[in-house]
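Encoded as structure tokens, the structure appears first; notes follow it.
The values are calculated or read from the model by the stated rules, or taken from the named source; none is laboratory data. Note that the structure is a prediction, hence the values are computed from the model and not measured. Here Cβ is always computed from backbone atoms with ideal geometry, including for glycine, and neighbour counts include all displayed protein chains. To get the accessible areas, we keep the full protein, side chains included, count just its heavy atoms, and leave off ligands, DNA and RNA. Shrake-Rupley method; radii C 1.70, N 1.55, O 1.52, S 1.80 Å.
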Amino acid sequence: MPLTPAQRELLSRCFLFEGLPPEGFGEVTGGLSAEVYPAGEVIYSPRRFRRAMGVVLEGRLAVLKGEELLLKTLGPGQCFGAAAIFCPAEDYVTTVQAREPSAVVFLPDQWLVELFGAYPQTSVAYIAFLSQRIRFLNRKIDSFTAPSARETLYRHLLAAEVDGRVEVAGGYSQLARGLNMGRASLYRALDALEEEGVIRREGRVVFLAGGG
């Protein structure tokens, strides 16, 4: 469906369009449309995806590793799918699922090529975004080689936090399985981090110090 004025305004704040004049934004986005998804629908999976970057316009999406481990939650203005663009791989690295009714606009690879040609500054913004993703992935790699359950948990929370909070959607037992540790080890790690003032827990939500 065509983008609403509110959706277009949100899209204009995407990192790709920083520094783009209003007339340029209107020109390049005039033919874009939104796709809607009901809660629970899988948008990307390792075997079903498209060569496009998606920008969330409404709702919330869960980014999962496998079917259990929640990596992060995406809200309006955030994007996914960069790993599927300009890459010959036949599979995608995660599963992206609508957690509630959601709307997404997709920016296909060829559309991006034309955007970069018309407005070179957008290609620099895209490279900067990819650089941030590399840092994120390096932090995830560090979590797999962490020397203790506490450090493994803390690095996972740092990588998964959104606005200073991590929602443990599947519960702590599922989180323990995803981090390859026992429930007792996970709870000891949670207690240690909470005693240190690094985190605080409210049910299935973990808040990181300084994050709100």
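In the chain, carbon and sulfur make up what percent of the accessible area (probe 1.4 Å)?
53
Counting heavy atoms of the protein chains only and a 1.4 Å probe, report the per residue accessible area for the chain as a whole number of Å².
52
Counting alpha carbon pairs within less than 8 Å and at least 6 residues apart, what relative contact order, in whole percent, applies to the stretch 1-78?
30
What's the extension gain from SER123 to PHE15 if we count 0.36 nm per residue and subtract their Cα-Cα distance?
37.8 nm
Could you give the length gained on full extension between SER45 and SER148, defined as 0.36 nm per residue of separation minus the Cα-Cα distance, in nm?
34.0 nm
Which shape class applies to the stretch 1-146: rounded if a/c is under 1.5, otherwise prolate when a/b exceeds b/c and oblate if not, where a ≥ b ≥ c are the square roots of the Cα gyration tensor eigenvalues?
Because a/c hits 1.5 or more and a/b fails to exceed b/c, the stretch 1-146 counts as oblate.
Name the residue, out of GLU41, GLU114, GLU58, whose mean-square fluctuation peaks in a Gaussian network model built on the chain with Cα pairs under 10 Å.
Largest GNM mean-square fluctuation: GLU114.
Can you tell me the FRET efficiency between LEU158 and ARG201 if r is taken as the Cβ-Cβ distance and R0 is 22 Å, rounded to the nearest 0.05?
In this case the efficiency is close to 0.90.
Using only Cα atoms, tell me the angle between helix 183-195 and the longest principal axis of the chain; keep it within 0 to 90° and round to the nearest 10.
80
Using 1/(1 + (r/R0)^6) with R0 = 41 angstrom and r between the beta carbons of ALA89 and ALA184, what's the FRET efficiency to the nearest 0.05?
The computed FRET efficiency comes out at 0.60.
What value, in deg cm²/dmol to 500, does the helix sum -39500 (n - 2.57) over DSSP H runs of n ≥ 4 give at 222 nm once divided by the residues of the chain?
Counting only the DSSP helices, I get -12000 deg cm²/dmol.
Can you tell which of THR95, THR122, THR73 shows the greatest fluctuation in a Gaussian network model of the chain with Cα springs below 10 Å?
Largest GNM mean-square fluctuation: THR122.
Taking the simple approach of a point 7 Å from Cα along Cα-to-Cβ for both SER33 and ASP109, what is their distance in nm?
Here the answer is 2.3 nm between the modelled labels.
Mind jotting down the distance between the C-alpha centroids of the stretch 161-210 and the stretch 48-72, whole Å?
Their Cα centres are 21 Å away from one another.
In whole angstrom, how far apart do the alpha carbon centroids of the stretch 91-113 and the stretch 30-44 sit?
For the stretch 91-113 versus the stretch 30-44, the Cα centre distance is 8 Å.
Just to be sure I understand: with springs between alpha-carbon atoms less than 10 Å apart, which residue in VAL96, VAL168, VAL113 has the highest mean-square fluctuation in the Gaussian network model of the chain?
Checking each option, the largest mean-square fluctuation is seen for VAL113.
Please work out the FRET efficiency for the pair ALA6 and ALA169, using the Cβ-Cβ distance as r and a Förster radius of 25 Å; give the result to the nearest 0.05.
0.35
Quick one: compute the contact order of the chain, relative version, from alpha carbon pairs under 8 angstrom and 6+ residues apart, as a percent.
Reported as a whole number, the value is 20 percent.
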